[in-house]
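This report refers to the structure that appears directly beneath it.
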Amino acid sequence: MAYLIKDLTLSLAEPPPGVPAQVECQLSTAELVDNPTTEDITTFCGTETFASPKYELHLAGWQDYGAVAAVCDMLHAAYTASPVAELDFVLALGPAGAQVTRSGAVKPNADVPFGGNAGSALTFDVTLSVIGAPIDGVLP
């Protein structure tokens, strides 16, 4: 069964022990993707390809600096911390009561854009590195 993505929630939290903030209303894109690195190993018996997962959380939306639970403020603060700070995330798909989740921790790879072109909506598009592998779950 295919889902139209109309029931998506994303919460971000700044550890420790950050209070999760629902941030999906500021976003137009929230997707967890795997961009694995692969390596071919050749032996006398043939060649096999091995993949190492490299998960990323891709977020895009409206610049919301200064708003309550502002995604851009959280990402900027994490990126400018020394060292770069981790953010906890929970990405949930499906209707309330039957949500499938993936969760984990992410680090920003770059700072969030600030400003934009005259007459245009102020948007952002960033990719965050997932630390380790995301954890599958289900919300009741």
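Quick notes
- Of all residues in segment 107-129, those satisfying the criterion of being touching a Phe, Trp or Tyr at 6+ places or on another chain (Cβ under 7 Å), surrounded by 13 or more Cβ atoms within 10 Å (Cβ to Cβ) and without any contact (Cβ under 8 Å) to a residue 60 or more places away in the chain are 108, 111, 112, 113.
Quick grid of which residues meet (1) under 14 Å from the mean Cα position of the chain (by Cα); (2) assigned to a loop (DSSP other than H, G, I, E, B); (3) closer than 14 Å to residue 13 by Cβ:
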{"position": "64", "(1), (2), (3)": "no, yes, no"}
{"position": "73", "(1), (2), (3)": "no, no, yes"}
{"position": "82", "(1), (2), (3)": "no, yes, no"}
{"position": "103", "(1), (2), (3)": "yes, no, yes"}
{"position": "106", "(1), (2), (3)": "yes, no, yes"}
{"position": "115", "(1), (2), (3)": "no, yes, no"}
{"position": "121", "(1), (2), (3)": "no, yes, no"}
{"position": "128", "(1), (2), (3)": "yes, no, yes"}
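- Residues in segment 87-106 that are surrounded by 14 or more Cβ atoms within 10 Å (Cβ to Cβ) and either among the small types (Gly, Ala, Ser) or touching a helix residue (DSSP H, G or I) at 6+ places or on another chain (Cβ under 7 Å) (or both): 6 in all.
- Taken over segment 1-36, residues that are at pLDDT below 90, under 18 Å from residue 130 (Cα atoms) and exposed (fewer than 12 other Cβ atoms within 10 Å of the Cβ) amount to 2.
- The residues in segment 63-84 that are touching a residue at least 60 places away in the same chain (Cβ under 8 Å) and surrounded by 17 or more Cβ atoms within 10 Å (Cβ to Cβ) can be counted, and the count is 3.
- Selection of first residues in segment 18-37 that are part of a loop (DSSP other than H, G, I, E, B) and of second residues that are charged (D, E, K, R), restricted to Cβ pairs under 9 Å at least 6 apart or on distinct chains, gives the following pairs, ordered by first then second residue: 18/88; 20/88; 23/64; 35/54; 35/56; 36/54.
- Residue check, residue 132 more than 16 Å from the chain's Cα centre (by Cα) and loosely packed, with under 14 Cβ neighbours inside 10 Å: no
The values are calculated or read from the model by the stated rules, or taken from the named source; none is laboratory data. From a predicted model like this one, the values you see are computed outputs, not experimental measurements. Glycine gets a Cβ as well: all are built from the backbone with ideal geometry, and neighbour counts include every protein chain shown.
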